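For reference, the structure discussed in these notes is given below.
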Amino acid sequence: MPRMIRVIMTWNIQDGKEQEYIEFAVGELGPKLDSLGLQINDVWYTIAGGGPEMVLLGTMRSRSDAEGLFASREWSGIERRLLTYVEDVRIKFARPNGSFQL
């Protein structure tokens, strides 16, 4: 039986595109990821310190489902739009026990 997988997405918002990014994230990115099967659990916005500015944590039914999502035509389209507002996009998978898989 497939095991749940955590999806960790990070990126930085391009300077001057914060408002546009927020509108896109709330109106398009979140709903599209949800429709593709990613259950978003947390979204963090870092305002001070190092590391990525945005962290999105979600879960999917299995690693193969997650890999399929990020290999899909639907993701490619939403990613192109995302990249008009952000940079340094990283996607990682983690088992529920916390071990990371790149």
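No lab work stands behind these numbers, since they all come straight from the coordinates. Please read all numbers here as calculations on a predicted model, not as lab measurements. All Cβ positions, even for glycine, are placed from backbone atoms using ideal geometry, and neighbour counts span all protein chains on display.
Size descriptors for the stretch 1-77, from the alpha-carbon set: Rg then Dmax equal 13.4, 46 Å. Extending 7 Å from the Cα toward the beta-carbon at both residue 81 and residue 14 defines two label points whose distance is 1.6 nm.
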